[in-house]
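Chemist: What follows is a structure written as structure tokens; I'll ask about it next.
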Amino acid sequence: MNTETNAATGTAATRDARRWWDADGGWSTADATGTVLVIDSWLVDEGRVRGLDRHAERFRSSCDRFPEPGPDRTDRFMRAVAESLPARGRWFPRVELVDTGSGTRLRMWLRPAPPRTATVRLWTPTGPDRRRLPAVKGADLDHLAALRADATTAGADEALLVSAEGHVVEGASTSIVWWRGDTLCGPPPGPGLLPGITRSLLGELARTAGLQAVTERATAPDLAGLPVWTLNALHGIRPVTEGLGRFQDTDAEEAGRWQSRLAALAVPAGELPDSRGEPMKEVSP
């Protein structure tokens with residue numbers, strides 16, 4: 001493992017490092033310049049990752065919207081990223097497709113993971129959803145960051161996005177789901193919804209437990225008496241305490257049980273396959 005990505009070094013480069021990747025030259029030092037086109041992020045906790053193969057596939061699929069770098073180069077980049085993930089500490093790396101002005105390049109930003117929060121308060125902005133490409137993570141990065149900043153100013157943690165018809169879609173950095181009894185519900189897929197990795201994993205866990213996982217369109221008033229959760233790779237499951245649905249102490253206990261099931265899905269990064277079903281790197285014994 002390169003010392004720049006080894007958590008044991010404790011250097012400034014390790015704690016917040018951006019690095020370009022090229023098919024021929026491998027890794028090199030990068031800065032924050034360029035226009036970010038696509039991103040993806042996941043939690044690395046003591047070398048273990050949940051759903052890395054799915055994050056890699058979502059990133060590849062979004063990059064394929066652009067002429068470069070092409071699926072093979074993106075796949076090789078993700079294999080190099082997996083090989084670079086630290087085996088110690090909590091990290092929240094971000095992979096990026098960047099327009100440098102003279103072309104596109106692939107970059108990894110190795111970031112320490114922020115502390116996990118257990119609950120979340122939602123704030124709904126006025127006006128319609130103004131994202132350009134909701135299904136591509138990173139395409140509306142600045143707009144969503146501004147919405148989260150507005151949510152903080154309003155005393156909340158996350159901005160809730162709704163459709164022109166008033167249906168709940170997702171948060172600025174989270175998926176939204178709710179429970180109708182023992183049925184896990186969420187907005188239907190489509191061009192207005194980012195494919196949520198944590199949401200897909202939770203749905204599979206629910207079905208494995210013998211529960212239904214369905215999609216439906218719902219407005220905020222439709223959810224007034226229901227427990228609502230936000231989901232993402234960093235925080236996992238967070239019950240909504242304000243701004244949507246209803247919250248009770250038992251909701252936090254139930255969310256904690258499902259959070260433990262999600263956490264159990266994390267595996268060493270090197271065991272994850274790439275898009276062709278091959279190991280992303282060899283694992284040292």
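Chemist: Would you pick out the residues in region 87-119 that are under 21 Å from His235 (Cα atoms), among the hydroxyl-bearing types (Ser, Thr, Tyr) and surrounded by fewer than 17 Cβ atoms within 10 Å (Cβ to Cβ)? Quick ask: steps written out before the conclusion?
Modeler: Taking region 87-119 as the starting set, the residues that turn out to be under 21 Å from His235 (Cα atoms) are 87-96, 108-119.
Add one more test, that the residue is among the hydroxyl-bearing types (Ser, Thr, Tyr), and what stays is 117, 119.
Within region 87-119, just Thr117 meets the criteria.
Chemist: Something else now. Does region 128-143 include one or more residues that are without any contact (Cβ under 8 Å) to a residue 60 or more places away in the chain, in a strand (DSSP E or B) and under 29 Å from Asp45 (Cβ atoms)?
Modeler: Within region 128-143, none of the residues are without any contact (Cβ under 8 Å) to a residue 60 or more places away in the chain, in a strand (DSSP E or B) and under 29 Å from Asp45 (Cβ atoms).
Chemist: OK, next. Out of everything in region 120-144 that is out of contact with any helix residue (DSSP H, G or I) (no Cβ under 8 Å at 6 or more places or on another chain) and among the β-branched types (Val, Ile, Thr), what residue ends up being least open to solvent (accessible area, probe 1.4 Å)?
Modeler: For region 120-144, the residue satisfying everything is Val120.
Chemist: Could you please find all residues in region 148-195 being in contact with a helix residue (DSSP H, G or I) (Cβ under 7 Å, 6 or more places away or on another chain) and among the aromatic types (Phe, Trp, Tyr)?
Modeler: Hit for region 148-195 is Trp178, nothing else.
Chemist: To continue, here is another question. Name the pairs whose Cβ atoms lie under 7 Å apart, with the first residue in region 199-211 and touching a residue at least 12 places away in the same chain (Cβ under 8 Å), the second open to solvent by 10 Å² or more (accessible area, probe 1.4 Å) and of a type in the set (Ser, Thr, Tyr), and 6 or more positions between them or separate chains?
Modeler: Pairs that qualify, where the first residue is touching a residue at least 12 places away in the same chain (Cβ under 8 Å) and the partner is open to solvent by 10 Å² or more (accessible area, probe 1.4 Å) and of a type in the set (Ser, Thr, Tyr), are Arg199/Ser175; Leu211/Thr183.
The values are calculated or read from the model by the stated rules, or taken from the named source; none is laboratory data. Keep in mind that what you see is a predicted model, and the values were worked out from it rather than measured. Cβ atoms come from the backbone with ideal geometry, glycine included; neighbour counts cover every protein chain shown. Surface accessibility is based on the protein's heavy atoms, side chains included, excluding ligands, DNA and RNA. Shrake-Rupley method; radii C 1.70, N 1.55, O 1.52, S 1.80 Å.
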